[in-house]
């Protein structure tokens, strides 16, 4: 086909010429406006982006490391990572593939008193702990202790074993302070020698718990004693 070598223009539009256009195919048009005679992409005078319909092929060039691109293949293979950061940009760390979790405002002292324990750690002075016991023999004064006893020890209660209807008393003491006394059968004879339980459910405030046990009676104290 012959090429158009002469074109007549009116207001920037091709209005005359003969022959078939091949190499100059519809090259002439008004910039910034659509025209059937415009084939090339022309910028809009107002800066508005020109939409492109279809597939655009981009050349990666020679200096682009395509292995570092977040392609679907790389994401599936796990070679591309995403970091989690806090509000200050600090990376949230992990240990042995497990996310490190820091509970804010939690005391890190571990298993200590309840006030100094993290909420996920069982407190050593938790009242619900059972099974610690101290025997209270007849006619003795016994400190309820594991090693020495101390303020803050927990006395759950005492099981009393009378051996006579004229059983003696049991005085329960917090340090030097008597907090409760079992009267026994010294004044009024007991109706039965069946063992019974005296609940206390308290922490000591003045020192170790102790019991002053009279004659014809014994006991076992349960709690958490230091």
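Points worth noting:
- For the stretch 201-221, filtering for residues that are outside any loop (DSSP other than H, G, I, E, B), buried (at least 17 other Cβ atoms within 10 Å of the Cβ) and either over 42 Å from the mean Cα position of the chain (by Cα) or modelled with pLDDT of 95 or more (or both) leaves 9.
- Being on the phi > 0 side of the Ramachandran plot and touching a residue at least 12 places away in the same chain (Cβ under 8 Å) holds for only one residue in 219, 184, and it is 184.
- Selection of the stretch 164-176 for residues being exposed (fewer than 15 other Cβ atoms within 10 Å of the Cβ) and within 55 Å of the chain's Cα centre (by Cα) yields only 176.
- Conditions (1) farther than 21 Å from residue 185 by Cβ; (2) in contact with a strand residue (DSSP E or B) (Cβ under 6 Å, 6 or more places away or on another chain); number of the one not met by residue 148: (2)
- Taken together, the criteria exclude residue 189 from residues that are modelled with pLDDT under 95 and not in a loop (DSSP other than H, G, I, E, B).
The values are calculated or read from the model by the stated rules, or taken from the named source; none is laboratory data. Remember, predicted model here, so these are calculated numbers, not experimental data. With ideal geometry, Cβ positions are generated from the backbone for all residues, glycine too; neighbour counts draw on all protein chains shown.
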